[in-house]
Ligand code: PGA
């Protein structure tokens, strides 16, 4: 086990998605060596969409893996009805889970409409405490967040309800046609759960991520920049495109 993240750099957009898919399938195969369900955290956002398309187009035949695949939600908006299309669980159902025939019984998701948010967090904590995470696939927010662990989030944080930061409200507005359509609160797994994942894949793409990727790799490890927590985790692979790496390393490995 190694706490130094491994950097994998793709020269362009198309190569980024195939590289991400190859690395993900490698992790899935390794996780399959143990018995039982393979518990995988998946992110929403624009970055992983190409990965999901690749998995559906080229790896759907691996029923030996997908039949054991169990999706674990990273985060989701709070207070929405179960059929609301903005729910991240519904987004991922559309983009990857249903196309890969992952049944609802293999999805650990937030109950967004739960009447008692603290009981809902405790329910997710209990799930995570008993089952853990085999693979965490994560995106990197331009403010350094992981899931909805916004700047200031403790590294040992548990599942909780948060108010979206101004940065996250603005980033999410792009998907739902304006700020007014973005729910103001969300559930997120805490970094305490995420940091115990057996393997982690961080996807970082585009020139707008170059500065935060550089800071994540080189700034002091601190809750002010939640993604620096990944430097304290085992088995982390960062998959980046050249544009995101431009500020991060002078001569990136390929
Ligand atoms: P993005 O989101 O993939 O849309 O850039 C990443 C994140 O905010 O976690």
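Filtering the range 26-66 to residues that are in a helix (DSSP H, G or I) and farther than 22 Å from residue 204 by Cα leaves 29, 30, 31, 63, 64, 65, 66.
Okay, residues lined up against (1) touching a strand residue (DSSP E or B) at 6+ places or on another chain (Cβ under 6 Å); (2) within 28 Å of residue 89 (Cβ to Cβ):
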residue	(1), (2)
192	no, yes
195	no, yes
203	yes, yes
214	no, no
220	no, no
231	no, no
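Taking every residue in the range 157-177 that is under 17 Å from residue 189 (Cβ atoms) and touching a residue at least 24 places away in the same chain (Cβ under 8 Å) and pairing it with any residue that is within 16 Å of the ligand (Cβ to nearest atom) and in a helix (DSSP H, G or I), at least 6 positions away or on another chain, the pairs with Cβ-Cβ distances below 6 Å are 157/191. The set of residues in the range 134-164 that are within 12 Å of the ligand (Cβ to nearest atom) and assigned to a loop (DSSP other than H, G, I, E, B) comprises 140, 141, 142, 143, 144, 145, 147, 148, 150, 164. Within the range 165-221, if we keep just the residues that are within 11 Å of the ligand (Cβ to nearest atom) and not in a helix (DSSP H, G or I), the residue that is farthest from residue 23 (Cα to Cα) turns out to be 165.
With respect to the stated conditions, residue 86 is assigned to a loop (DSSP other than H, G, I, E, B) and in contact with a helix residue (DSSP H, G or I) (Cβ under 6 Å, 6 or more places away or on another chain). Just give me the residues in the range 33-56 being more than 16 Å from the ligand (Cβ to nearest atom) and under 10 Å from the mean Cα position of the chain (by Cα), in sequence order. Correct list: 40 only.
Would you call residue 190 modelled with pLDDT of 95 or more and crowded, with 17+ Cβ neighbours inside 10 Å? Taking the combined requirement at face value, the residue satisfies it. Just one of the listed residues (23, 9, 102) is assigned to a loop (DSSP other than H, G, I, E, B), away from the ligand (no atom under 16 Å from the Cβ) and in contact with a strand residue (DSSP E or B) (Cβ under 6 Å, 6 or more places away or on another chain), namely 102.
The values are calculated or read from the model by the stated rules, or taken from the named source; none is laboratory data. No experiment lies behind these values; they were computed from the predicted model shown. With ideal geometry, Cβ positions are generated from the backbone for all residues, glycine too; neighbour counts draw on all protein chains shown.
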